[in-house]
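Below is one structure, written out as structure tokens, with a few remarks after it.
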Amino acid sequence: MTPDALKALLLELRLTREAELATKFDRSLPFADGLFDRWERAKRLGFEAEVSIYDSACVFGDVRVGTKTWIGPYVMLDGSGGGISIGATCSISAGVHIYTHDTVLWALSGGKLPPRVGAVAVGNRVHLGSQSVIARGVTIGDMTVVAANSFVRDDVPPRTIVGGVPAMPIGHVEGEDAAVRLVFGQKPQPLS
Amino acid sequence: MTPDALKALLLELRLTREAELATKFDRSLPFADGLFDRWERAKRLGFEAEVSIYDSACVFGDVRVGTKTWIGPYVMLDGSGGGISIGATCSISAGVHIYTHDTVLWALSGGKLPPRVGAVAVGNRVHLGSQSVIARGVTIGDMTVVAANSFVRDDVPPRTIVGGVPAMPIGHVEGEDAAVRLVFGQKPQPLS
Amino acid sequence: MTPDALKALLLELRLTREAELATKFDRSLPFADGLFDRWERAKRLGFEAEVSIYDSACVFGDVRVGTKTWIGPYVMLDGSGGGISIGATCSISAGVHIYTHDTVLWALSGGKLPPRVGAVAVGNRVHLGSQSVIARGVTIGDMTVVAANSFVRDDVPPRTIVGGVPAMPIGHVEGEDAAVRLVFGQKPQPLS
């Protein structure tokens, strides 16, 4: 087969798959996200039952994910520097990045210093908003919320709502199960 | 064909396509973004004339887009929770995410509460800066600007410039057509 | 070959490649990032020795990159409006966007005004944090740090740590090579 013939066949596959996804799921996905099953990928990664992870997500090193957690497209789960554990029924929204290493001192030293590392733990029932970034070494408690586009560099206590760059507490979570509710209005204060 | 033969052929196609894009458009794109026509995809999605959308963008549910609007790579248009309407001549910059649902209460309740939903409307002549996130239920007026990496959770009145996490007004837009201009200097104030 | 046969073969290739990457590098990558060599791509783009760039990164126009600089997935290097030069041993973290043009006035004027342009220079030993955005026309000095999710719209002097939307100085860098260290604690002040 020539490269041109492969290109034509890939386009035909894209159109076929696009039509299927439009009919069945009312969506249009990037080529590879539309092609490969995201529940099957989660199983191959050893994640627990009913977890799904899009093709466009990256997974490095030791990453464990609890049941029913949803992992979106463009997500980075970097467990290379100590491991990431994520609990059950979490939203790891599209574009979330979780790191267990950083190369700040590596870059500043011209490659003379190693990366800094630290494990990350995310509790149960946690919502990480779209494109938020979680820094190495951070622990995020159960039933917390991180606003979209936040940068979390400090531990987040359970039932806390944080937001901003850097993320600071902006509210808390009351109640349980179907009676859970968000309480906002707190003046942002540094976490550490 | 063996998987290894397919891999070799895909690499040959990547190199061929890369050379074409370098010569014709002075660019090097991700594999699928470089392979599939972005104006054709916009037509298949029912968007209006002269709209383009990269392969790496996701589109869910009911999304309408007006003429000449540009939609970049890594974009998320989630119209699954009520529909997104975007006007004409907008910049939906690379990495912009627009949502009509969120899973905050779903996660906090351990899956007992449904997603919260709300339609999003983006006016005409709007610039959404790179990697900005627009929350469910938000209306963004005509001739507005959202700074890069902002998180917009409140309505944005016409001719307003907003920025930050959460986004607050930082200026306004004066004039019309080629005489349009940005006026900065306003102290940030909450939108609601 | 039918589209369905190609789909089956692509899945077989994905699984084969995934198993190889898991064994050799303890990682699971998006389809195309896992398929194509990122050091080879950097060479084809004319970047200097020991540079790597993921398949999912976009490169437009004139972009030069110095030795040992690491360029992650989902990165946007838009040199279409005046060129980007990046020094040696930099971290261009996952999801970083560097622009040399913006379409703010293009959108607001309904397409009557052209993009605004400006070259970007990034020095040596610079760390750009994940998903940070660098605006057109910005110069970023040697040995600087940009926090994750920041939006940099002003020049950054050498040895400065900046963060936020917009990014403001939050510290500085002392020492050299393996004795380099971060000094935080500064109250954020506008850069201009």
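The values are calculated or read from the model by the stated rules, or taken from the named source; none is laboratory data. Values in this document were obtained by computation on a predicted structure and should not be read as measured data. Positions of Cβ are generated from backbone atoms using ideal geometry, with glycine treated the same way; all protein chains shown enter the neighbour counts. Heavy atoms of the whole protein, side chains included, go into the accessibility calculation; ligands, DNA and RNA do not. Shrake-Rupley method; radii C 1.70, N 1.55, O 1.52, S 1.80 Å.
How much of the accessible area of the protein assembly as shown, probe 1.4 Å, is carbon plus sulfur, in whole percent?
Working: 11850 of 21280 Å².
Carbon with sulfur: 56 percent of the solvent-accessible area.
Out of all DSSP beta bridges with both ends in the protein assembly as shown, state the antiparallel percent to the nearest 5.
Numbers: 36 of 126 bridges.
The answer is about 30 percent antiparallel.
Find how much the distance from B:Trp39 to B:Lys112 grows on full extension, using 0.36 nm per residue of separation minus their present alpha carbon separation; answer in nm with one decimal. Don't skip to the end; give the middle numbers.
On the way: separation 73, 0.36 × 73 = 26.28 nm, distance 4.11 nm.
Separation in residues times 0.36 nm, less the Cα-Cα distance, equals 22.2 nm.
Pull out a ≥ b ≥ c, the square roots of the eigenvalues of the alpha-carbon gyration tensor of segment B:6-119, then state rounded if a/c is under 1.5, prolate if not and a/b is larger than b/c, and oblate in the remaining case.
Details: a/c = 3.04, a/b = 1.66, b/c = 1.84.
In terms of gyration-tensor shape, oblate.
How many angstrom lie between the C-alpha centres of segment C:10-58 and segment B:1-39?
14
Rounded if a/c is under 1.5, else prolate if a/b beats b/c, else oblate: with a ≥ b ≥ c from the C-alpha gyration tensor eigenvalues square-rooted, which is chain B?
Values: a/c = 2.19, a/b = 1.43, b/c = 1.54.
Here chain B falls in the oblate category.
Under a 10 Å cutoff between Cα atoms, tell me which one of B:Arg17, B:Arg153, B:Arg136 has the largest fluctuation in the Gaussian network model of chain B.
It is B:Arg17.
Can you pull out the buried accessible area for chains B and C, both sides counted, probe 1.4 Å, rounded to the nearest 100 Å²? Write out the running numbers ahead of the final one.
Numbers: alone 10720 and 10720 Å², together 17770 Å².
Buried area (both sides, nearest 100 Å²): 3700 Å².
For segment B:70-131, restrict the atom set to alpha-carbon positions and state the Rg and Dmax in Å.
13.5, 41
What is the Cα coordinate range of segment C:90-162 on the first, second and third principal axes, sorted by size from largest, in whole angstrom?
The principal-axis extents, from largest down, are 40, 20, 15 Å.
Taking the DSSP beta bridges in chain A as the whole, what percent of them are antiparallel, to the nearest 5? Mind showing how you got there, number by number?
Working: 10 of 40 bridges.
So the antiparallel bridges in chain A amount to around 25 percent.
With a 1.4 Å probe and all protein chains left in place, how much accessible area per residue does segment B:25-165 have, in Å²? Could you put the intermediate results ahead of the total?
On the way: 4130 Å² over 141 residues.
For segment B:25-165, the solvent-accessible area averages 29 Å² per residue.
For a label point 7 angstrom out from the Cα of A:Leu182 toward its Cβ, which stretches of segment A:125-154 have the backbone nitrogen within less than 18 Å?
The answer is A:125-133, A:141-152.
Tell me whether the protein assembly as shown comes out rounded, prolate or oblate; compute the Cα gyration tensor, take square roots of the eigenvalues as a ≥ b ≥ c, and use a/c under 1.5 as the rounded threshold. Walk me through the numbers on the way to the answer.
Details: a/c = 1.12, a/b = 1.12, b/c = 1.00.
Rounded shape, in that the Cα axes give a/c under 1.5.
In segment A:1-17, what residues drop by 40 Å² or more in accessible surface going from the chain by itself to the full protein assembly, probe 1.4 Å?
Checking the loss per residue gives A:Met1, A:Pro3, A:Leu6, A:Lys7, A:Leu9, A:Leu10, A:Leu13, A:Arg14.
With springs connecting C-alpha atoms under 10 Å apart, model chain B as a Gaussian network and identify which of B:Ala135, B:Ala57, B:Ala178 has the largest mean-square fluctuation.
B:Ala178
Relative contact order for segment A:65-171 using alpha-carbon pairs under 8 Å, separation at least 6, rounded to a whole percent? Don't skip to the end; give the middle numbers.
Working: 328 pairs, mean separation 21.9, N = 107.
Once normalised by length, the contact order is 20 percent.
Among C:Glu40, C:Glu176, C:Glu50, determine the one that fluctuates most according to a GNM of chain C built with springs between C-alpha atoms less than 10 Å apart.
The residue that fluctuates most here is C:Glu176.
What is the angle, in °, between the Cα long axis of helix C:3-25 and the longest principal axis of the Cα atoms in chain C? Nearest 10 is fine, range 0 to 90.
The angle comes out at about 60 degrees.
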